[in-house]
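See structure below.
The values are calculated or read from the model by the stated rules, or taken from the named source; none is laboratory data. Computed from a predicted structure; not experimentally measured. Positions of Cβ are generated from backbone atoms using ideal geometry, with glycine treated the same way; all protein chains shown enter the neighbour counts. Surface areas here come from the heavy atoms of the whole protein model, side chains and all, with no ligands, DNA or RNA. Shrake-Rupley method; radii C 1.70, N 1.55, O 1.52, S 1.80 Å.
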Amino acid sequence: MKIEASFLLGVAAFFGVVAVGYWFWSYEPAGTAMLVGTVLLGFVPGSYYYWWSRRMKPRPEDLPDATVEQGSGAIGTFPGSSIWPFVLGMGLFLIVLALVFGAWLLAPGGALVVSALVGVTAESRRGGTV
Amino acid sequence: MTDKPTGKPADQAPHKGSSLLRRYLGPLGILALPLMLGGCTLPSFYGFRGATKQGHDSFLLFSGTVIAAIVVGTIVVLLILWAVLRYRRRSDEMPKQFQYHIPLEITYTVIPILIVLALFGFTVVTENAVDAVSPHPAVAVKVTAFQWGWRFDYSGQHVSVLGETTQDPDPVGLNGRPCAPAVDCLGPGLVMPAGETTRITLVSADVVHGFYVPAFNFSRYALPGVTNVFDFTVKHPGIYRAQCTQFCGLYHALMFFHVVALPPAQFRAWLRSEQASSQPAASHPAASVASSRQGSPAASVKAAA
Amino acid sequence: MTLLAEHPAVLHGHPEHHEGPTGVLKWLTSTDHKVIGLSYMITSLVIFFIAGGMAILLRVQLASPHSSLLSLQQYNELFTMHGSLMLYLFAGPFAFGGLANYIIPLQVGAPDMAFPRLNALSYWLYLTGSITMLMGFFTAGGAAAFAWVAYAPLSSAIHSPGAGADLWIVSLLLTGFSAVFTGVNLVTTIFYLRAPGMTMFRLPIFTWNMLVTAILILIAFPVLTAAMVFLFADRHFGTHIFSVKGGGVPVLYQHLFWFFGHPEVYILALPYFGMVTDIIPVFSRKPLFGYKGMVFATMSIAALSTGVWAHHMFTTGVVLLPFFSLMSLLIAVPTGIKFFNWIGTMWRGQIRFDTPMLFCVGFLLAFLMGGLTGVMLASPPIDFLTHDTYFVVAHFHQVLFGTAVFAGFAGFYFWFPKMFGRKLNEPLGKIHFWLMFIGFWVTYLPMYVLGLKGMPRRVATYPSGLGWHLLNQVASLGSYLIAISFLFFLWNIWTSWRHPVAAGANPWDAHTLEWFTSSPPPHHNYLKLPPVRSERPTWDYFHPDARTISHNGRRNGHVKVGAEVGSTGGSDQ
Ligand code: HEM
Ligand SMILES: [Cu+2]
Ligand SMILES: [Cu+2]
């Protein structure tokens, strides 16, 4: 976890330096704002990882000589097939098209999105169709 | 090449001793050569040598960099080819599984840094020279780019030249004769004195356009909301074709113009005659160049055109 | 399903275990990264062929001056769409949605991506985004015609009215979200789902590069989305963010766009560098030379690339030239490191020139020239004389074609046996390579000269009498050769479909984890894993005596391999 944390914090540190340098060299606000955004993008998750890396034991994937057995146990929960990402995608498609072809498309688009959200929640509770 | 002025004194006179320098300075020295020799012997690599003082500076940097790139590129290509040809699989023998060689890795990190910093040094020097604006330009022209054409206003002179792509007022082609398809026409003419500094103030009336004169090795956006100012010091009289380079809509491909550099006396004569004739949008300067040929420097302009 | 790693073999004892839907329903509902990866790859290849067809039309038009095959409007639409499809919908998605999606979980030893349903959603947004962009051709005003950069104010409602432009913008909203979701998924997968012993500095370089790419995606794409939202608001909601008349700032659009656009170029390049970096060692039978240097080179390229955006704006006259020029020039340094590491890997190897390796060498040469001309463009005075000319067109095609096509097809030929369990035909692959290689140089070398002779880019037609005709003709001929080479590619696919030749788990004697499992891998990828003791677990397993040594002769790694594989030992297949 330590390397992951320092990777993200490194992003923050590098762009911190660039942002400061850029601002005082150019006084150009747009670029500076985006660079500061980038600093946050590294800093926020990076500090979270860092916080955790101080508090947890190294995982098997952090150990250079971990054996395969050390990795046993639950890896995570993986959903099986699900129609809902497709439904959600089509809903978003229609909503975006509404921007171009008229607000009426919001109705079917919104309906698809809502049903997908409901569907995917119910599915997660059931454990999905594996 | 049509756009080049006839006389190029700077391009002749090869220098002796350059090979000696080259031998002692190596690839980095080659980068330094353009400044030392004034670029007299530098190859053009299909580019323009720069018909303006500023453009010539850019050319020297360009040519020097191409040489450096060729040196570096050749070395790397040879390394690749050597590896590829020499180490083709010949047997099932297991090659040595080496992975790191720190001194070597440091070397090929440091050398590129040096090359790049050298290029950066020359870049800064050149860009300052190219972007420098003179406090006392001989003429000031305001250039307005619009969809789809150009307008040239001679500040304080009540002279302006206007040309629209879709209806060229006086369609003349590169050869000085009337041009049939619009795409062979020259568009409006931006007239300036040769040997003197012309100040260009560039603006756009609508979208982004690109003011680009290939023979001057220079381009700059006509950007709405921004006023760009730069100088040209054309070295020799001539006609230089030019066109918009930043995509600006339907007729972008036809948004031509050209620069006519006249000897200063003729330039002022042209300015006076334009002031005299009441209509602001105008007679074709290329034609005026053509009409006053005998014995004048403009004859060489015509020959070049 | 909660996946237990304890006895994966028990969980998936028989292949029929996973009785998911089949047929169309499988493609609509699957959350398996392998199925989604294939969907991505197929879709992006279709896009590639569409955009390539457009390129041929453009080249036919430009083969002679005053050509009237296409009208000005048609040319403008086609080059805009060619560029947009290639960049937004082919080169990126093929790499990070297609190959990476398929390969990354395998390379790190994970059963799937971290968020499988989000992964599926990414694909649907990508597909609908692609359809949206292509729909522009069927609207009354035609497709968008403002180049792939859509500079304001040309892209405003006044200068580009019509639904085609709107569709282009919203298409980028869809694909932008799709890319961000994929980025999040990749980072999480790489951080959380690695196999035991797979430390960060044992990740294959392709995985490393995808991690860095994913971070770049997260940095860049939100900015593009913001720019598109602003643009849309300016067009329809009466705001004046980019229009001078209402007090807006047109050049702000360029800042936003290129803050996305330059990292985007590396989002398109880094995955392909990764592919090449994984392939060259395999065919040289050696470990990658300078592994750690490679990782740091990738990181520095990415880091620098986010600070160079305004090198696309040198000629605006309103950006800080030295800053952007220095940052851009410095990128040459880590790029150089990569080159020397690739060469060092081949050095004293036993190189076999199967099709993937040939494509890698093609990539090296193409990218070398593209990279060197890129260094030139990073110098503002040189940019002044080449900006928006064919010199730039030649430069970026050498880079993009070198990466997305040469390296991309290297990756495709390399991983095809893993994805389908079949081999591709070697002679056909080699013909594809050589035709494309020749066509490539014949197409793009003349373009450099054209640019230096002053031919601007994005022109539908050009004057005669300037010496541009012959060069254009040659370039067009080259492009036809490229088109022909792809017929051999299609023929190859056809052959492997009709007359399959089984590939086996590890046909190339490769290095990384994905070659340990069967081809194609089972559902959830691994029945058993080898111990991971270096960045070459599969190689270490099959060649316990050929471990990596460093220059001073010391062996790296310290645990004996080969003894302890999972519980059963030995490779299957
Ligand atoms: C089959 C080979 C290809 C040919 C013959 C080709 C040809 C062309 C041509 C003729 C143009 C228009 C140039 C102009 O009018 O300014 C162009 C533009 C472009 N191409 Fe390609 N191309 C090919 C492959 C690619 C690939 C593989 C990519 C990227 C992955 C790509 C990306 C672009 C981009 C970004 C533009 C610029 C569009 C714009 O200016 O808005 N091309 N190409
Ligand atoms: Cu234009
Ligand atoms: Cu860039």
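At a glance:
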quantity: Contact surface A-C: accessible area buried, both sides summed, square angstrom, 1.4 angstrom probe; calculated: 5800 Å²
quantity: C-alpha long axis of helix C:250-284 to longest principal axis of chain C, angle in °; calculated: 30 degrees
quantity: Rough spin-label spacing in nm, given labels placed 7 Å along Cα→Cβ, for residue C:226 and residue B:272; calculated: 5.9 nm
quantity: Within the accessible area of segment A:84-126 (1.4 Å probe), percent carbon and sulfur; calculated: 78 percent
quantity: Per DSSP, loop chymotrypsin sites (Phe, Trp or Tyr not before Pro) in segment A:1-106 with at most 14 further Cβ within 10 Å; calculated: A:27
quantity: Alpha-carbon Rg with Dmax, taken over segment A:2-71, Å; calculated: 16.8, 56
quantity: Dipole in debye (nearest 20) - segment A:2-71, about Cα centre, beta carbon charges: Lys, Arg +1; Asp, Glu -1; calculated: 260 debye
quantity: Angle in degrees between helix C:72-84 and the longest Cα principal axis of chain C, rounded to the nearest 10; calculated: 30 degrees
quantity: Among C:173, C:243, B:245 - extreme Cα towards positive end, dipole of the protein assembly as shown, charges at beta-carbon; calculated: B:245
quantity: Cα gyration tensor category, rounded, prolate or oblate, for segment A:84-126 with a/c compared to 1.5; calculated: prolate
quantity: Accessible surface buried once C binds B (1.4 Å probe; total of both sides; Å²); calculated: 8000 Å²
quantity: Where only alpha carbons of the protein assembly as shown are counted, the Rg and the Dmax (Å); calculated: 29.8, 100
quantity: Charge dipole magnitude, Cβ of K and R +1, D and E -1 - chain C, Cα centre, debye nearest 20; calculated: 880 debye
quantity: Amide hydrogen neighbours beyond the local backbone of residue B:149, cut-off 5 Å, H modeled; calculated: B:165
quantity: Degrees separating the helix C:33-62 axis from the principal Cα axis of chain C, which is the longest one; calculated: 30 degrees
quantity: For segment B:207-235, residues shielded by at least 30 square angstrom of accessible area compared with the chain on its own, probe 1.4 Å; calculated: B:207, B:208, B:212, B:217, B:219, B:220, B:221, B:223, B:224, B:226
quantity: Lys/Arg +1, Asp/Glu -1 at C-beta; the protein assembly as shown dipole; positive extreme among C:365, C:386, C:58; calculated: C:365
quantity: Using θ = phi - 60° and Karplus 6.51 cos²θ - 1.76 cosθ + 1.60, couplings along segment B:127-141 (whole Hz; Gly, Pro as x); calculated: 5, 5, 5, 5, 8, 5, 10, 6, x, 10, x, 6, 9, 10, 10
quantity: Mean residue ellipticity (222 nm) of chain C, computed from DSSP H runs ≥ 4 via -39,500 (n - 2.57), nearest 500; calculated: -20000 deg cm²/dmol
quantity: Positions from segment C:244-292 whose accessible area shrinks by 40 Å² or more when the full protein complex is built, not the chain alone, probe 1.4 Å; calculated: C:255, C:259, C:285, C:286, C:289
quantity: Among the listed pairs C:34/C:423; B:96/C:34; A:57/C:418; C:26/C:423, those beyond 27 Å (Cα-Cα); calculated: B:96/C:34; A:57/C:418
quantity: Average accessible surface area per residue within chain C, 1.4 Å rolling probe, Å²; calculated: 28 Å²
quantity: Other-chain or far-sequence residues with amide H under 5 Å of residue B:187's (modelled H); calculated: B:172
quantity: Rounded percent of accessible protein surface that carbon and sulfur make up, segment A:2-71, 1.4 Å probe; calculated: 73 percent
quantity: Test item: Cα-centred dipole of the protein assembly as shown, Lys/Arg +1 and Asp/Glu -1 on Cβ, debye; calculated: 1760 debye
quantity: log10 of Debye I(q)/I(0), alpha-carbon scatterers only, for chain A at 0.22 Å⁻¹; calculated: -1.04
quantity: Positive-end residue, segment B:49-197 charge dipole about Cα centroid, Cβ charges, pick of B:124, B:98, B:73; calculated: B:98
quantity: Amide H contacts of residue C:141 (H built 1.01 Å from N, under 5 Å, at least 5 apart or other chain); calculated: C:163, C:164
